[in-house]
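A.B. asks: Right, I'll just put the structure down here and ask away after.
The values are calculated or read from the model by the stated rules, or taken from the named source; none is laboratory data. Nothing here was measured: the structure is a model prediction, and the numbers come from that model. Glycine gets a Cβ as well: all are built from the backbone with ideal geometry, and neighbour counts include every protein chain shown.
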Amino acid sequence: MAELVFFSGTMDCGKSTLALQMDYNHRAAGRHGLIYTQNDRAGEKQLSSRLGLQVGAEEVTAETNFWDDVAARRTHGERVDYLILDEAQFYSAAQVDQLVMLVDEMGIDVFAFGITTDFRTKLFEGSARLMEVADRIERLQVETLCWCGRRATHNARTVDGVMVTEGDQVVVGDTGGKGEVAYEVLCRKHHFQRMTAFSARAPELSPQTLIDSL
Ligand SMILES: [Zn+2]
């Protein structure tokens, strides 16, 4: 019985490493799969992990239609038993529904990896749809830690080290001269307090005075 599984976790929790491990396990069992990702740190058409592993992958864009892509491959005799999808939070709800059809109509296993909420603690579109329709949701248990030592559960976006709570949902890397954009995982308390490792090191400076001093 094919199934759609959503593996969710915070940033840096080892999702890509697990995605690569899962691909290896299925390949070793003689199965044939496809890997899809989007905005990978190693560049287009790559799936990489922080531990240094890297493989070629299909790049997902807003135009990607998973159903059409897999159907075309099967028509040309390519065997597709499973899909591994990284950065699935970026997919549209419609793309997730295409994955559901691949599971139910073609019997293909779909393993989607993604983070659930963005830097404003709001669900990403792809993650919300996956949570609505997945057969199973697995919360990844590799622990990431806030600077304070508590379990990190929330993703923060920082600009020059200062946490921000407004802006476009998806910003990868630089915003073009407006300061360096980065991401940091925090515990809920420090996410709500907007206290990053950087601002914790300068406790006498509130985020606002830091912004004013720029
Ligand atoms: Zn904390």
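A.B. asks: Here are some conditions: (1) in a loop (DSSP other than H, G, I, E, B); (2) of a type outside the set (A, V, I, L, M); (3) modelled with pLDDT under 90. S16 meets all but one. Which one does it not meet?
C.D. replies: (1)
A.B. asks: Which residue pairs have Cβ atoms closer than 7 Å, lie 6 or more positions apart in sequence or on different chains, and pair a first residue in region 134-150 that is among the charged types (D, E, K, R) with a second residue that is within 16 Å of the ligand (Cβ to nearest atom)?
C.D. replies: E143/R151; R150/C187
A.B. asks: Hey, any hits in region 38-46 for a residue that's in the same structural domain as L18 (by TED's automatic domain parsing), assigned to a strand (DSSP E or B) and either without any contact (Cβ under 8 Å) to a residue 12 or more places away in the chain or polar (S, T, N, Q) (or both)?
C.D. replies: Yes, the conditions are met somewhere in region 38-46.
Okay, residues lined up against (1) among the hydroxyl-bearing types (S, T, Y); (2) loosely packed, with under 14 Cβ neighbours inside 10 Å; (3) touching a Ser or Thr at 6+ places or on another chain (Cβ under 6 Å):
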residue	(1), (2), (3)
L18	no, no, no
G33	no, no, no
Y36	yes, no, no
R50	no, yes, no
W67	no, no, no
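A.B. asks: Do any residues in region 165-176 that are in the same structural domain as F192 (by TED's automatic domain parsing) and of a type in the set (V, I, T) have Cβ atoms under 9 Å from those of residues that are modelled with pLDDT of 75 or more and loosely packed, with under 13 Cβ neighbours inside 10 Å, where the two are at least six apart or on different chains, and which pairs are they?
C.D. replies: The qualifying pairs are T175/D168.
A.B. asks: Here is a further query. Say we look at region 123-152 and pick out the residues that are crowded, with 20+ Cβ neighbours inside 10 Å and assigned to a loop (DSSP other than H, G, I, E, B); which of these is nearest to the ligand (Cβ to nearest atom)?
C.D. replies: Residue satisfying both the conditions and the ranking: C146.
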